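For reference, the structure is listed below as structure tokens.
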Amino acid sequence: MSGFPFPHGPSVRGRLRADRGPLALTAVVVFLAVLIAAATPPLIEKAADQALADAAREAGSRSWLSVRGSFDPSSPYPPRYRDPSSAELVEATGRTADDLLAPALEPVFGPPVMRASSTVFDVSSGPAPGLSFRLVHANGAGDDPGPRVTWVKGEAPGAAEETVRRTLAPWPVQVGLSEPVAELLEAGVGDRISAGNDRRESLELTVSGVYRPQDPAEDVWQVETGLVRPETFTDTRGISQSSFSVLMSAESLPDGRLAVNPDGMNLTGVFRPEPGALNRQNAQSVTDALVLMESGAATAESGPPLEYSSGLDTVLQRTLGQIRVGIGLATVILLAVLSGLGLALFLTAELLTHRRAAVLTSTRRRGAGLPGLALELAVESVSLTLLAGGAGLLFAWLVAGEFSLAWVVPVLLLAATCGPLFAVVQAARATSRKAAPANRSARRNRRITQQMRRVAAEAVVVLLAVAALAALSQRGIVVQDTGESDLLPAFAPTLLAVTAGVLLLRLIPLLLRAVLRLATRGEGSLPLLAASRAADTGARPLPMITVVATVALSVFVLAVRATAGQDVVLPPEMLQDAQPLPAAVADGVQSLAVAAALVLTLLAVLALVLGASASAPARGETQARLRTLGLTPSDTRWITAGELLPVALVGGLVGWAVGGVLAWQAVHLLSLRVLSGGPDDPPLVVPLVAHLPVVLLLLALAGVVAVETSLRRRERLGQVLRA
């Protein structure tokens, strides 16, 4: 136990004080990464649940589950006998239909509203033509014996005195009218209404009373709206027609059955879904259960068979397909922004390593072991990661009401390990006892080995990008019912953006050498000095890759958002084929895209600033020596700008172009037509704001140059000479 490396407290505290700026920046990156990784999945899940509820609500009657029964068959010819148990049969059918409901449907559907309704009759004695109605007896959902009404005039319909219909003469039926219907018919208590239909049936109705619903929101009034108010339609000829329903009570329902032919009274029920009970966890099971019930799988042991029908299964299937597209796109955007934040963590770790290089080397040379040094750095990194990550989880919980750890754990592991790993590798290399080879052949072999390692690493990135693009092209982004996506195709845009940065690293030295050759042939020393410095530092891997990748992904996200969000004008015959993404998911994806583009743009600027900070000491030393040879502050400003220009301008422009290409491919590969609502792929839209990352990079370059020039101006000549 004596050999166990304990962390040296003063060293840890000293490094924390000396590097509090970069450490605070690292904490901000970790906080953002954890916040986005923890809050996005539950927010998207809530949006998906809301989309299902909205789809069921907007579908209206198409989302209802209807059940059809039948009354006992009887002869249409006299004598016909009044059945006083008709209302009880309606209630019993409702209980049977509810008992046969599949278990998966019970949490979604409430008790049914049962109706006995006649065929349509035309009013022949009304004040105006074009009036039609149905006789309706309805039972409220649940334990309610019927619709709850207040009789403002008269009373509930009663039964006829006779019990046997012996002739074909119209049978008297007492009915109730709602206030709007009574006003339309200009009818009151005791008035008679004559009616007939195209089957040569005649009705004689007596108005027993005028009612008003006690609770207009009650299910029975939503199902049978004609009992509340008439519906008026005007055809192309300008002729208006009004339809409504008249209310039969439990006492007058038997008379209504006698008044029409036996097949003229239908027995139906309606289960209305509770939209809030639908979510992504039960939507598929609800769909499967509905399909089984519609196929006749649910049958009663006795009594007439019941037939179920619903359009909710179609609505849910369509909405689930659209939600999968939205979640797939959200996964692509989430992976893009998390990858950008991961690159930023590498950059902050590299900056810290550059700042601590001398201290780490001297500590190592004084006898500190690598395990002890790694432990000290791990204590610092883990503490910082837990503090920033905890704050991110707290804010995610405040924003989303919950948080997901699926992507948080990888983020925390990366944040906790990349800093110590960079620093330990730097300390090990700086104090390595392995001597450099003396002969030319050995040095060449060593250089070839290093190049082969780099080529192998780059080949892995390129192969992953190609594999991801192939997977995306073949099967798209597959989203499982659990909400999990196939990660390889979802990573395709990110891997392609990183690959573009890797390939640019191969090309930028050629470009810089060409610029250097032109500078040597030109007049003046400033272009030559700027080009030489750019050739020395312009091809540093992390800043260039991060700038290209983050700019590309920012442009990609903004272009996808604009393309998917554009209004599609369709001809009337194609309007029914348009199925836009549900509003809740569309809004969630749009908001995520805006946040991701903002973060990615800021990360591109951060990459430029951190890259400039890492190379600032060497640049300052060079410029200090040149100042002793007569270099002016204005000259140093131009040299600094020229050195950093390849990362800002070339990296930004390449990233912008790559982002546009990625968005162009995404129009088809990510099924953006589903989000835009059209049947065909929408045209690519690259909004003006997509140019913002390049503009901000150039502004950041000007800011870095101004700050460095200001700092260099404060140095006195003695400091410069000592440097």
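Read the figures in this text as sums done on the coordinates, not as results from a lab. The model shown is predicted, which means the values in this text are computed figures rather than measured ones. Cβ placement follows ideal geometry from the backbone for every residue including glycine, while neighbour counts extend to all protein chains displayed.
Quick notes on this structure:
- A simple charge model with +1 on the Cβ of Lys and Arg, -1 on the Cβ of Asp and Glu and nothing else charged puts the dipole of the stretch 271-409 at about 1140 debye relative to its Cα centre.
- Full extension of the segment from VAL164 to ASP288, taken as 0.36 nm per residue of separation minus the current Cα-Cα distance, would add 39.9 nm.
- Rg/Rh, computed from the Cα trace of the chain with Rh as the Kirkwood radius, has the value 1.21.
- Nearest-ten-degree value, helix 633-645 long axis tilted from longest Cα axis of the chain: 50
- In this Cβ point-charge picture (+1 for Lys and Arg, -1 for Asp and Glu), the stretch 73-272 has a dipole of about 520 debye about its Cα centre.
- Relative contact order of the stretch 649-697, pairs being alpha-carbon contacts under 8 Å that are 6 or more residues apart, as %: 44
- Near TRP64, the amide H atoms lying under 5 Å from its own belong to GLY311; only residues 5 or more places off or on other chains count, and H is placed 1.01 Å from N.
- The ranking of THR268, THR26, THR709, THR150 from fewest to most other beta carbons within 10 Å of each one's beta carbon is THR150, THR709, THR268, THR26.
- With respect to the chain, whose longest principal axis is taken over its alpha-carbon atoms, helix 583-627 is tilted by about 10°.
- Peptide ranges 681-691, 315-325 listed from the most packed, as the mean C-beta count within 10 angstrom indicates: 315-325, 681-691
- Working note: 222 nm ellipticity from helices only, DSSP H runs with n ≥ 4, each -39,500 (n - 2.57), summed and divided by the residues of the chain, gives -20000 deg cm²/dmol to the nearest 500.
- Charge dipole (the chain, unit charges on Cβ, about Cα centre) - positive-most of GLY328, LEU89, TYR308: GLY328
- Exposure proxy order (Cβ contacts within 10 Å, fewest to most) of MET452, MET544, MET114: MET452, MET544, MET114
- Considering only ASN282, VAL686, SER61, the residue lying farthest towards the positive end of the dipole of the chain is VAL686, judged by Cα position with unit charges set on Cβ.
- The length gained on full extension between ALA442 and ASP99, counted as 0.36 nm times the residue separation minus their Cα-Cα distance, comes to 114.9 nm.
- Magnitude of the charge dipole, the chain, Cβ model with Lys/Arg +1 and Asp/Glu -1, debye to 20: 7940
- Computed over the stretch 73-272: relative contact order in percent, which uses C-alpha pairs under 8 Å that are six or more apart: 32
- The C-alpha atoms of the chain define a longest principal axis, and helix 86-99 lies at about 20 degrees to it.
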